[in-house]
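Undergrad: Please see the structure below; I have some questions.
The values are calculated or read from the model by the stated rules, or taken from the named source; none is laboratory data. This is a predicted model, so every value here is computed, not measured. Reconstructed Cβ throughout: ideal geometry from the backbone, glycine too, with neighbour counts over all protein chains shown.
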Amino acid sequence: MMNTTSSNTDPVLQEFANSPKGDGPPLPFATRSVQFSEPVAPPQAQIEHYFQRQNTPLKPEDANEVHRRGLNNIGNTCYLNSAIQALRYSTGLKNFFLDGAWEQHQHYDRKGYALLSDFADLVHRLWGDMDTVPERTITPSTFANTFVRFAQEYGSDEIVAGAQADAAEAIQILLDGIHTHVAREVQMNIHGDTSTPDRAEYTKSLESWASFFRKEYSEIVNQYYGQTQTRIQCVAPDCCHSSTNYEPWAMLKVPIPGGNTPGEPAPTLQKCIAAAFETEIVEDYTCSKCKKKGTTRITHSISRFPRHLILCLKRFTNEGSKIRARIPYNEHHVSLAPHIAWPSLQEEDDAKYRVVSTIEHHGSTHGGHYAMRARDTVVKEIEGKKVEEKHWFVYDDSSCYTLSAGGDATPDTYILFLDRLEQ
Ligand SMILES: [Zn+2]
């Protein structure tokens with residue numbers, strides 16, 4: 001792993017927890033505008049097993065299934081319900097809340113306290129056992145009100161009480177809100193040599209990481225943030241000046257190259273990722289060194305891999321249409337290794353990820369409905385033996401159901417949550 005390499009010569013960043021410090025400015029996140037209206041019915045033909053959630057008392061046989069709680073829609077909140085379900089299933093956040101780590105970093109007097117504590121309460125209720133939470137579905141009114149208030153303070157124009165909004169924006173605001181609240185100052189020491197261009201750049205990326213997060217470090221950064229390198233290179237033969245900069249992110253937005261017209265094969269998820277790292281050629285760019293106006297090459301690569309990768313497919317075009325390519329993701333691993341900023345330092349790290357949940361957007365740019373899918377364990381009893389199987393579950397507001405096999409390549413997959421595989 002790049003960030004904890006044990007080599008004596010490559011640059012190393014060590015992060016140490018230290019005393020808490022005050023708030024900093026929120027990180028800049030790009031936001032995008034999409035309008036939504038009425039829900040779309042789930043595809044009934046594909047449903048294998050439906051969990052009727054509301055208004056039915058829990059029975060002892062529900063004990064293994066009780067955490068599959070739905071969230072009641074309280075007025076165009078399917079975008080928020082899907083975001084909540086995806087984040088509560090993501091192990092980085094699930095463990096942070098269920099282990100109680102979040103309580104060590106809460107500050108009653110700091111911005112975002114209600115967001116953090118109301119979300120923690122909701123995560124606990126969704127995962128609660130039958131004795132502590134005797135409900136099949138939860139109405140997230142308290143959290144939804146807190147979230148909308150926070151989003152407006154945060155500067156969102158799109159998130160308004162009672163109106164549909166973009167699940168990707170909701171996730172970014174929620175992650176950043178939790179991060180900003182629990183952030184603390186830490187020591188970050190960088191050491192190692194800078195004798196080769198790759199090592200020098202690696203050191204630069206670590207210095208950039210430290211300058212972003214030394215004063216504001218959190219479990220969210222530790223689990224969910226990656227970093228991208230952008231290199232701008234003058235192509236004038238007598239100059240070739242190149243400069244780099246580094247940006248942290250919690251969500252990677254990737255284009256969909258193809259698969260939108262009948263007969264055209266859909267790209268793989270790996271190809272979508274590759275498209276996000278394609279070299280750009282920009283004309284009429286003035287070089288900062290030779291001052292000549294000419295062609296510039298801009299390359300993008302990854303300088304730090306996150307533990308939990310959140311990908312957002314760019315399904316909505318600037319012209320207002322939706323790209324409906326069916327991109328398969330079940331049983332397919334993707335790797336970020338082909339896009340590493342310094343191949344010479346890469347060692348054996350293949351940076352493989354697997355999709356563990358998704359958020360789907362059904363409908364068009366002008367109206368739609370969100371649902372979430374998660375891969376979860378089912379315990380079955382076969383001939384007296386307990387057998388664990390993995391199944392995909394759809395969380396659609398208050399209901400939850402399993403799908404028959406092969407339903408993963410839908411034209412509606414919008415946000416994907418991936419976990420990094422152990423080395
Ligand atoms: Zn130049």
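Undergrad: Test of understanding: among Arg315, Arg324, Arg304, which residue is more than 28 Å from Thr261 (Cβ to Cβ), in the same structural domain as Cys272 (by TED's automatic domain parsing) and in contact (Cβ under 8 Å) with a residue 12 or more places away in the chain?
TA: Exactly one residue qualifies, and that residue is Arg304.
Undergrad: Go through region 212-248 and give me each residue that's surrounded by fewer than 20 Cβ atoms within 10 Å (Cβ to Cβ) and in a strand (DSSP E or B).
TA: Hits for region 212-248 are Thr230, Arg231, Ile232, Gln233, Ser242, Ser243, Thr244, Asn245, Glu247, Pro248.
Undergrad: Could you tell me whether Asn189 is surrounded by 15 or more Cβ atoms within 10 Å (Cβ to Cβ) and not aliphatic (A, V, I, L, M)?
TA: Numbers: surrounded by 15 or more Cβ atoms within 10 Å (Cβ to Cβ): no; not aliphatic (A, V, I, L, M): yes.
Answer is no for this residue.
Undergrad: Would you pick out the residues in region 317-343 that are among the basic types (Lys, Arg) and in a loop (DSSP other than H, G, I, E, B)?
TA: Arg324, Arg326
Undergrad: Working only within region 364-404, note down all residues that are of a type in the set (A, V, I, L, M) and in contact with a strand residue (DSSP E or B) (Cβ under 9 Å, 6 or more places away or on another chain). Don't jump to the end; show me each part of the working.
TA: Initial filter on region 364-404 (of a type in the set (A, V, I, L, M)): 371-372, 374, 378-379, 382, 387, 394, 403.
Within region 364-404, Ala371, Met372, Ala374, Val378, Val379, Val387, Val394, Leu403 meet the criteria.
Let's see how each residue does on (1) away from the ligand (no atom under 16 Å from the Cβ); (2) at pLDDT 90 or above; (3) among the charged types (D, E, K, R):
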{"residue": "Arg214", "(1), (2), (3)": "yes, yes, yes"}
{"residue": "Asn222", "(1), (2), (3)": "yes, yes, no"}
{"residue": "Gln233", "(1), (2), (3)": "no, yes, no"}
{"residue": "Ala236", "(1), (2), (3)": "no, no, no"}
{"residue": "Pro248", "(1), (2), (3)": "yes, yes, no"}
{"residue": "Val254", "(1), (2), (3)": "yes, yes, no"}
{"residue": "Asn260", "(1), (2), (3)": "yes, no, no"}
{"residue": "Glu280", "(1), (2), (3)": "yes, yes, yes"}
{"residue": "Tyr285", "(1), (2), (3)": "no, no, no"}
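Undergrad: Shifting gears a bit: Within region 331-382, take every residue that is more than 26 Å from Gln227 (Cα to Cα) and among the polar types (S, T, N, Q) and give me the one that is surrounded by the fewest Cβ atoms within 10 Å (Cβ to Cβ).
TA: Thr377
Undergrad: Against the condition of a type in the set (Gly, Ala, Ser), surrounded by fewer than 20 Cβ atoms within 10 Å (Cβ to Cβ) and farther than 30 Å from Thr230 by Cβ, how does Ala409 come out, does it pass? Spell out how you get there, then give the answer.
TA: Working: of a type in the set (Gly, Ala, Ser): yes; surrounded by fewer than 20 Cβ atoms within 10 Å (Cβ to Cβ): yes; farther than 30 Å from Thr230 by Cβ: yes.
Criteria met by Ala409.
Undergrad: Among the residues of region 112-121, is any over 24 Å from Lys314 (Cα atoms), in the same structural domain as Ala83 (by TED's automatic domain parsing), outside any helix (DSSP H, G or I) and modelled with pLDDT of 90 or more?
TA: Yes, region 112-121 contains at least one residue that is over 24 Å from Lys314 (Cα atoms), in the same structural domain as Ala83 (by TED's automatic domain parsing), outside any helix (DSSP H, G or I) and modelled with pLDDT of 90 or more.
Undergrad: Across region 126-176, what is the total count of residues that are basic (Lys, Arg) and either crowded, with 17+ Cβ neighbours inside 10 Å or not in a helix (DSSP H, G or I) (or both)?
TA: Adding up the residues that qualify gives 1.
Undergrad: Scan region 357-377 and report the pairs whose first residue is not assigned by TED's automatic domain parsing to the domain that holds Lys314 and whose second residue is of a type in the set (S, T, N, Q), with Cβ atoms within less than 6 Å and a gap of 6+ or a chain change.
TA: Listed by first residue and then by second, the contacts come to nothing, as the list is empty.
Undergrad: Take region 257-292 and flag every residue that is within 23 Å of Tyr224 (Cβ to Cβ) and either touching a Leu at 6+ places or on another chain (Cβ under 8 Å) or outside any loop (DSSP other than H, G, I, E, B) (or both). It would help to see each step written out before you state the result.
TA: Narrowing region 257-292 to residues within 23 Å of Tyr224 (Cβ to Cβ): 269-270, 272-277.
Answer for region 257-292, where residues must be within 23 Å of Tyr224 (Cβ to Cβ) and either touching a Leu at 6+ places or on another chain (Cβ under 8 Å) or outside any loop (DSSP other than H, G, I, E, B) (or both): Leu269, Gln270, Cys272, Ile273, Ala274, Ala275, Ala276.
Undergrad: Sticking with this one: Suppose we keep only residues that are more than 17 Å from Val356 (Cβ to Cβ) and polar (S, T, N, Q) within region 388-415. Which one would you say is modelled with the lowest pLDDT?
TA: The residue in question is Ser404.
Undergrad: In this structure, is Lys289 within 16 Å of the ligand (Cβ to nearest atom), in the same structural domain as Ser243 (by TED's automatic domain parsing) and in contact (Cβ under 8 Å) with a residue 24 or more places away in the chain?
TA: When the stated conditions are applied, Lys289 passes them.
Undergrad: Let me ask something additional. Please determine whether any residue of region 286-309 is farther than 26 Å from Asp176 by Cβ, small (Gly, Ala, Ser) and touching a helix residue (DSSP H, G or I) at 6+ places or on another chain (Cβ under 9 Å).
TA: no
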